[in-house]
1. Quick check on this structure: which one of 152, 163, 180 is among the aliphatic types (A, V, I, L, M), at negative phi and at pLDDT below 95?
2. Does at least one position in the range 181-190 carry a residue that is of a type in the set (Gly, Ala, Ser) and surrounded by 15 or more Cβ atoms within 10 Å (Cβ to Cβ)?
3. Looking only at residues in the range 158-175 that are surrounded by 16 or more Cβ atoms within 10 Å (Cβ to Cβ) and of a type outside the set (A, V, I, L, M, F, W, C), which one is farthest from residue 111 (Cα to Cα)?
4. Being open to solvent by less than 40 Å² (accessible area, probe 1.4 Å), at pLDDT 95 or above and either farther than 22 Å from residue 203 by Cβ or over 20 Å from the mean Cα position of the chain (by Cα) (or both) narrows it down to one of 74, 128, 138, 66, so name that one.
5. Which members of the range 14-35 meet the condition of being crowded, with 18+ Cβ neighbours inside 10 Å and within 15 Å of residue 62 (Cβ to Cβ)?
6. For the structure I just gave you, tell me whether residue 81 is in contact with a Ser or Thr (Cβ under 9 Å, 6 or more places away or on another chain) and surrounded by fewer than 20 Cβ atoms within 10 Å (Cβ to Cβ).
7. Within the range 87-123, work out how many residues are open to solvent by 30 Å² or more (accessible area, probe 1.4 Å), within 19 Å of residue 177 (Cα to Cα) and part of a loop (DSSP other than H, G, I, E, B).
8. Report, by residue number, each residue of the range 42-61 that is under 23 Å from the mean Cα position of the chain (by Cα), hydrophobic (A, V, I, L, M, F, W, C) and open to solvent by less than 30 Å² (accessible area, probe 1.4 Å).
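The values are calculated or read from the model by the stated rules, or taken from the named source; none is laboratory data. Keep in mind that what you see is a predicted model, and the values were worked out from it rather than measured. So basically every Cβ, Gly included, is an ideal-geometry build from the backbone, and we count neighbours across all protein chains shown. The protein model used for the area step is the full one, side chains on, heavy atoms only, and it has no ligands, DNA or RNA in it. Shrake-Rupley method; radii C 1.70, N 1.55, O 1.52, S 1.80 Å.
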Amino acid sequence: MATSRKRRSTGLSSAERILERAIEVIESGGEAAIRTNTIAAECGVTPPILYRAFGNREGLVIAAQAERYRRSSALAAEFLISHVANATSRDELRENLGVTLAFIFSPSRVAARRLRAEVIGSAVSRPALREAIVRVDAEYADRIAGAYEKAMKAGWTAPGADMRAVALWAQGLITSMAAMEFGHDTAAIEKWTAVSRAAIFRAILGD
């Protein structure tokens, strides 16, 4: 009952509380731990309210996984967008891009990369989740491309570069780092990261 009271007092809607609890359950016990009746009770609602919001158990899982994926991108994307948009010269853009990539490829982001890989794996047999992932990636790619508009107009970027395509490619590249972190030694990961950083710099700056 204490859990239910706590969740009712957060100021979130019923659907938001249910979604947050589903995310917590997946992150602690995986998708198999999702029990709709239990989650509804913990959130202080009846099962029909949960079903109206998410359709069924599968709909809740998909919504929770999609939101986990979105959140895994949010911090790094916002960091990149602010650093790119605030650059006042080509040299500063290069410097800011270096700072951003150092953060994005850092060990502190291991959990985020693994989460993305996990959700992508869950989406293989789920068209609705695949569509949600595409929407998240497209949204951030559009915003990242928009952040580069000033730099492109100033001629600081590679001539003819399609920044939306670059953003989508870089997102996939960074996610693929999770495979490197499954068991490769530190030296191999460092070399992979150096090659990846150089490729991103070339795609954006042309050198």
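1. Of 152, 163, 180, the one residue that is among the aliphatic types (A, V, I, L, M), at negative phi and at pLDDT below 95 is 180.
2. Looking for residues that are of a type in the set (Gly, Ala, Ser) and surrounded by 15 or more Cβ atoms within 10 Å (Cβ to Cβ), one finds none in the range 181-190, hence no.
3. Restricting to residues being surrounded by 16 or more Cβ atoms within 10 Å (Cβ to Cβ) and of a type outside the set (A, V, I, L, M, F, W, C), the top hit is 164.
4. Checking each option against the conditions leaves just 66.
5. Those that are crowded, with 18+ Cβ neighbours inside 10 Å and within 15 Å of residue 62 (Cβ to Cβ): 18, 19, 22, 25, 26, 34.
6. On the way: in contact with a Ser or Thr (Cβ under 9 Å, 6 or more places away or on another chain): no; surrounded by fewer than 20 Cβ atoms within 10 Å (Cβ to Cβ): yes.
Judged against the criteria, residue 81 is not a match.
7. Qualifying residue count for the region: 0.
8. Passing the criteria: 60, 61.
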